[in-house]
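*Asks:* Pasting in a structure now, in structure tokens, and then I'll have a few things to ask.
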Amino acid sequence: MEHREVVVIGAGPAGAVAAALLKRQGHDVLMLERQQFPRFSIGESLLAHCLEFVEEAGMLPAVQAAGFQVKNGAAFACGNRYTFFDFRDKFTPGPGTTFQVQRAHFDKVLADDAARQGVEVRYLQEVTAADFSGDGPLLDVRGADGRSYQVKSRFVLDASGYGRVLARLLDLERPSSMPPRKAIFTHIEDRIDDPGFDREKILISVHPEERGIWYWLIPFSNGRCSFGVVGGENLFGGPGEDLMTTLRAMADAAPNLKRILKNAVWDTPANIIGGYSASVERLHGPGYALLGNAAEFLDPVFSSGVTIALRSSKLAADALHRQLTGAQVDWQAEFADPLMVGVETFRAYVQGWYTGEFQDVVFYERAQPEIRRMISSILAGYAWDRTNPFVANPQRRLRMLSELCRGPEAPPVPA
């Protein structure tokens, strides 16, 4: 049996940042990753708020040196309508730019930097059992050679993403409040020559006839893009369906995308993911906490996944450092409740996107600049800033603003 202070399950962004934050505070950290990096992962468009946590973890120089595409905002299109939000023009202080990344490279940059800072990273390690009934967490792990071993620690952080290791092993999973949806996606050589296309922004397009169907187009710095379409669970992905044929037909159905991607080389097989929205009974328990997608994932529409993951890493690392140094920690008050402030903010706007309320706000042509700055802050990831009225009471204010945007008068700035 091996004894460690902290074990982090998963070497993605949440795990790497949490591990580095703890290591920088003097703790012994072992990070176990089931796959071998680099490995493909979806979710390539970061939000500006992410960089605050990357910087605190000492990883910003490595990320800046990696040559990723700079991102300064989000653009929205539907038919002949087009608008954008610049993250540098926002209500909440903080970084106004971020990056659009190929996650295989980005995740490895973070994991490698965690290792550089002294975190022990082991790849091809699968956690097969977890016991939290004793005097410390006990994990059964199957190594790259197929042999099993045990690791006992003082605490476990589960950052296993869609693998949801502890949620499965401890029977913590519960149905998500979000309706089930599917996404078809691929990476393409985009060859975009449209003068109106801004590579420094993610482009979110709405199907011209079905408001519940939307597309992402995320440019990278190497002339490639991530492209995908999201729709209802029964929209595509049937038996024998050719995913690439479906994806290209869906792209052609949106006139702006058909124009922008007219020269694209569709050189990577399309893939499909469904049932991605997830939730759990609780975010923590005696000896463990769940980070990022290992606990809660809403929807890809506003690229909130990595931001929620890194915010959870910061909250958990701070609480765990205090606990390991002798303090009494209320994990609900210091970790779960603060994290859910931003999760519920994002949830309100994701739900509003699919009901059409938030689309009304996004495409409103006479919005007051101050309201746009408040919305820009949320789109940039600052969903925990309760001084922003659209964070403090997101559902009610979004509903009110949507009703005003549908009417003849310009909406007032909320008090």
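Values quoted throughout were computed directly from the atomic coordinates according to the rules given, and no laboratory measurement underlies them. Computed from a predicted model, the values in this text were never measured in an experiment. All Cβ positions, glycine included, derive from the backbone under ideal geometry; neighbour counts span all protein chains shown.
*Asks:* Compute for the range 343-406: radius of gyration divided by Kirkwood radius, i.e. Rg/Rh, restricted to C-alpha atoms, rounded to two decimals.
*Replies:* That ratio equals 0.92.
*Asks:* Compute the acute angle (0 to 90°) between the alpha-carbon long axis of helix 305-324 and the principal axis of greatest extent of the alpha-carbon atoms of the chain; round to the nearest 10°.
*Replies:* 30
*Asks:* If I stretch the segment between Asn222 and Arg122 completely, what's the gain in nm (0.36 nm per residue apart, minus their alpha carbon distance), one decimal?
*Replies:* 33.0 nm
*Asks:* Only Cα pairs under 8 Å and at least 6 apart count here; give the relative contact order of the chain as a rounded whole percent.
*Replies:* This gives 21 percent for the chain.
*Asks:* To test your reading of the geometry: what angle, between 0 and 90 degrees and rounded to tens, separates the Cα axis of helix 369-379 from the longest principal axis of the chain?
*Replies:* 40
*Asks:* Tell me the angle of helix 13-24 to the major Cα principal axis of the chain, expressed in degrees between 0 and 90 and rounded to the nearest ten.
*Replies:* In the chain, helix 13-24 runs at an angle near 50 degrees to the longest axis.
*Asks:* A further question on this structure: How many percent of DSSP beta bridges within the chain run antiparallel, rounded to 5?
*Replies:* Of the beta bridges lying entirely in the chain, close to 70 percent run antiparallel.
*Asks:* How high is the relative contact order of the range 343-406, given as a whole-number percent (alpha carbon pairs under 8 Å, six or more residues apart)?
*Replies:* Relative contact order comes out at 45 percent.
*Asks:* OK, next. Normalise the Cα radius of gyration of the range 181-274 by 2.2 N^0.38 Å (N = residues in it) and let me know the number.
*Replies:* My calculation over the Cα atoms of the range 181-274 gives 1.02.
*Asks:* Also: Using the basic label-point model (7 angstrom from Cα toward the beta carbon), what is the Lys108 to Glu173 distance in nanometres?
*Replies:* So the label points at Lys108 and Glu173 sit 3.0 nm apart.
*Asks:* Projecting each Cα onto the charge dipole of the chain (Lys/Arg +1, Asp/Glu -1 at the beta carbon, about the Cα centre), which of Gly134, Val29, Trp353 comes out farthest on the positive side?
*Replies:* Of the listed residues, the answer is Trp353.
*Asks:* A follow-up question, please. If I build a Gaussian network model for the chain, linking alpha-carbon pairs within less than 10 angstrom, which residue out of Met31, Met400, Met250 has the largest mean-square fluctuation?
*Replies:* Result: Met400 has the largest fluctuation of those listed.
*Asks:* Among Thr307, Thr325, Thr97, which one shows the biggest mean-square fluctuation in a GNM of the chain, springs joining Cα atoms closer than 10 Å?
*Replies:* Result for the chain, Cα springs under 10 Å: Thr325 fluctuates most.
*Asks:* Would you work out which of Leu401, Ala294, Tyr162 lies farthest towards the positive end of the dipole of the chain? Charges go on Cβ: Lys and Arg +1, Asp and Glu -1.
*Replies:* Result: Leu401.
*Asks:* Filter the GluC sites (Glu not before Pro) in the range 310-415 to those in DSSP coil with at most 16 other Cβ atoms within 10 Å of their Cβ, and list the result.
*Replies:* Of the GluC sites (Glu not before Pro), the ones in loops of the range 310-415 whose Cβ has at most 16 other Cβ atoms within 10 Å are Glu365, Glu409.
*Asks:* Sort the following peptides by mean Cβ neighbour count (other Cβ atoms within 10 Å, averaged over residues), highest first: 144-154, 383-393.
*Replies:* Peptide ranking by packing, descending: 383-393, 144-154.
*Asks:* For all pairs of alpha-carbon atoms in the chain, what percent lies in each bin of width 20 Å, listed from the first bin to the last filled one?
*Replies:* Result returned by the calculation: 27, 57, 16, 0.
*Asks:* Could you size up the charge dipole of the range 343-406 around its Cα centre, putting +1 on the beta carbon of Lys and Arg and -1 on that of Asp and Glu, and report it in debye to the nearest 20?
*Replies:* 100
*Asks:* Which lysines does Lys108 reach when only Cα atoms under 29 Å apart count, and residues fewer than 8 places away in its own chain are ignored?
*Replies:* Within reach: Lys23, Lys71, Lys152, Lys182, Lys201, Lys314.
*Asks:* Among Asp267, Asp89, Asp140, which one moves the most in a GNM of the chain with springs linking Cα atoms closer than 10 Å?
*Replies:* Checking each option, the largest mean-square fluctuation is seen for Asp267.
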